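Scroll down for the structure; my scribbles are underneath it.
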Amino acid sequence: VKENNNVYKAFAMDRELFLHQKDNDCASYTAMAVISVLKNQDVSPVRLSEEMMWRSKGGVTFPQGLVNILKNYRINLTEYKMFRFSDSEKINWLKNTIDKGNIIVLFVQGDGLKHYVTVLGYDSHGFLLYDSLQKRRSEHSDLTIVDKSEYEGNRYYPYADLIALWNKGGIFCFFRNWALVCN
C-alpha cells in the first residue's frame, strides 16, 4: 500500500440511478451501480434481486451472491479481506485501487444493518459513494438525496467515518473488511 496524495478521482454515475433500495436488496442495487458505471448498461435492481442467489431466508445476500451476479454480467472482480491493514493503509488502498480504474464494493455496518456500498471515488478528505440506503429526496420518491451535489455519488463519508463502518462490517468473524474490486 503506497501513500496516496491525489486530491480527487471519481467515476460518474447517472443521478437518475441514485435509487433508494427496497428491504434487504442492497446487493442488487450495488450490482446495478457497478454494471451501470462499468458497462454503461441499464439493468433493473428488481431484476437483479430476482436473479440473486446466496440469500438467507430473511433476504440478506451473502457476498458470494453479489460476486456471482456480477460475474454473470461479465464484470472482472477480485475479492479482498483487509482486516490486517491499519486504518491509514485501508484509506490508501481504497484510493490506490480507484486510481487504477476500479470501483470498489464494501461490506459495512451502519445503524445496526449489514450493508453493501459502492465506492465511486474520493477527494482530499473523504470518499464518494453510491449508497442505496441514503435518505429519499421526498416522501414519495424512489430517488435519494445527494450529500454534495458538486461530486459524484449520493453519499460522502470522511475517511475515518467510512473506515469505521467498514471495520464493523462482516458476519461475525467472516467477511470483516471485505472488499470487491470491480473493473
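The values are calculated or read from the model by the stated rules, or taken from the named source; none is laboratory data. Just so it is clear, the structure is predicted and the values come from calculations on it, not from any experiment. Positions of Cβ are generated from backbone atoms using ideal geometry, with glycine treated the same way; all protein chains shown enter the neighbour counts. These accessible areas exclude ligands, DNA and RNA; they are computed on the full protein's heavy atoms, side chains included. Shrake-Rupley method; radii C 1.70, N 1.55, O 1.52, S 1.80 Å.
Determine if region 127-147 includes at least one residue that is over 24 Å from residue 17 (Cα atoms) and open to solvent by 50 Å² or more (accessible area, probe 1.4 Å).
Of the residues in region 127-147, the ones over 24 Å from residue 17 (Cα atoms) are none.
No, region 127-147 contains no residue that is over 24 Å from residue 17 (Cα atoms) and open to solvent by 50 Å² or more (accessible area, probe 1.4 Å).
Look at (1) under 14 Å from residue 31 (Cβ atoms); (2) modelled with pLDDT of 95 or more; (3) crowded, with 17+ Cβ neighbours inside 10 Å and you find that residue 91 fails only one, number (1). Filtering region 63-77 to residues that are under 14 Å from the mean Cα position of the chain (by Cα) and either more than 18 Å from residue 100 (Cα to Cα) or of a type outside the set (A, V, I, L, M, F, W, C) (or both) leaves 63, 66, 67, 70.
In region 151-172, is there at least one residue being among the β-branched types (Val, Ile, Thr), open to solvent by 10 Å² or more (accessible area, probe 1.4 Å) and closer than 16 Å to residue 33 by Cβ?
Step one: filter region 151-172 for residues among the β-branched types (Val, Ile, Thr), giving 163, 171.
Now narrow it down to the ones that are open to solvent by 10 Å² or more (accessible area, probe 1.4 Å): 171.
Checking the rest, the ones that are also closer than 16 Å to residue 33 by Cβ come to none.
So far as region 151-172 goes, no, none of its residues is among the β-branched types (Val, Ile, Thr), open to solvent by 10 Å² or more (accessible area, probe 1.4 Å) and closer than 16 Å to residue 33 by Cβ.
Would it be correct to say that residue 141 is touching a residue at least 60 places away in the same chain (Cβ under 8 Å) and under 11 Å from the mean Cα position of the chain (by Cα)? No.
Highlighted here are the helices (runs of 4 or more DSSP H) found entirely within region 1-108 that include at least 2 residues which are under 23 Å from residue 152 (Cα atoms), out of contact with any Pro (no Cβ under 6 Å at 6 or more places or on another chain) and of a type in the set (Gly, Ala, Ser): 26-39. Of the residues examined, residue 110 is not one that is out of contact with any Leu (no Cβ under 6 Å at 6 or more places or on another chain) and open to solvent by 10 Å² or more (accessible area, probe 1.4 Å). Does residue 120 satisfy the criteria of being among the aliphatic types (A, V, I, L, M), in a helix (DSSP H, G or I) and open to solvent by less than 30 Å² (accessible area, probe 1.4 Å)? When the stated conditions are applied, residue 120 does not pass them.
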